[in-house]
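*Asks:* Attaching a single structure in structure tokens format; questions to follow.
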Amino acid sequence: MSHHFLAMMHRMRYINRWGLMRNTQPENIQEHSLQVAMIAHALTIIRKTRFPDCQPQPDLEQVILLAMYHDAGEILTGDMPTPVKYANPAIRDAYKAVESVAAEKLLSLLPDEMKSAYRPLFLPDLSDPKTALAMQIVKASDRIGAYIKCLDEAKSGNTEFRQAEESIREMLRQIATEMPEVNWFMDHLLPSFALSLDELS
């Protein structure tokens, strides 16, 4: 019997983000998920090394895996633009329900003995403090990834993302008040993304 889970994950590359925006370069959820995982990895290391007194401390493997799969449900649902997703509570709640159905469908494509390993990645238990922290890091990383996309588009002369850049920057400022690792990332790592290759060299 064939199991289609990984073949479906392979299709993340076909789901583009920022559907309502004019893009100079398309971004799919597979490349976005890798970037979010890399940022989440960095945030976790920053928290562990620079802010060891912050408790709880996250589990690095859990953070990275949650980041890898955080948008996997969009293989089935497509990418819902943020302004639409959060336009009102009814849409937000309905979309959360659709996301849960999509997660269950993807989990059903796994062999039975593997489902228990993947279920916490697709339907994380936010009542667990460590899992809640891991998801908080993933969400912050997702926002940082979105901000980097805005910087990339600005470097290409596209003003379409100007308002998104401002609003995401403000969101990150608010997140950083509770997550010192995000504040450190924004001060020390984020500015480099606005530079050219020659400036980075």
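*Asks:* For Thr177 paired with Ser127, estimate the spin-label separation in nm (one decimal), with each label point 7 Å from Cα along the Cα-to-Cβ line.
*Replies:* So the label points at Thr177 and Ser127 sit 3.0 nm apart.
*Asks:* Distance in nm between label sites at Met8 and Leu34, each 7 Å beyond Cα in the beta-carbon direction?
*Replies:* About 2.3 nm separates the two model spin labels.
*Asks:* Using only the alpha carbons, work out the radius of gyration and Dmax of the stretch 28-130 in angstrom.
*Replies:* 15.4, 41
*Asks:* Kirkwood hydrodynamic radius, computed over distinct alpha-carbon pairs, for the chain: how many Å, to one decimal? Can you show the working numbers first?
*Replies:* Working: mean 1/r = 0.0555 Å⁻¹.
Its Kirkwood hydrodynamic radius stands at 18.0 Å.
*Asks:* What 222 nm value per residue comes from the helices of the chain, counting each DSSP H run with n ≥ 4 as -39,500 (n - 2.57) and dividing by all residues, nearest 500 deg cm²/dmol? Before the final figure, lay out the partial values.
*Replies:* Numbers: 11 runs with 131 residues, N = 201.
Helices in the chain give a 222 nm mean residue ellipticity of -20000 deg cm²/dmol.
*Asks:* Which whole-number percentage describes the relative contact order of the stretch 1-120, with Cα contacts under 8 Å and a sequence gap of 6 or more?
*Replies:* Details: 100 pairs, mean separation 36.8, N = 120.
It comes to 31 percent, rounded to a whole number.
*Asks:* While we're on this one: Quick one: if the Förster radius is 41 Å, what FRET efficiency do Leu189 and Asp112 give, using the C-beta to C-beta distance and rounding to 0.05? Walk me through the numbers before you get to the answer.
*Replies:* Values: r = 42 Å, r/R0 = 1.02.
Here the calculated transfer efficiency is 0.45.
Rule-based calculations on the coordinates, nothing more; no lab input. Small disclaimer: the values here were computed from a predicted structure and weren't measured. Reconstructed Cβ throughout: ideal geometry from the backbone, glycine too, with neighbour counts over all protein chains shown.
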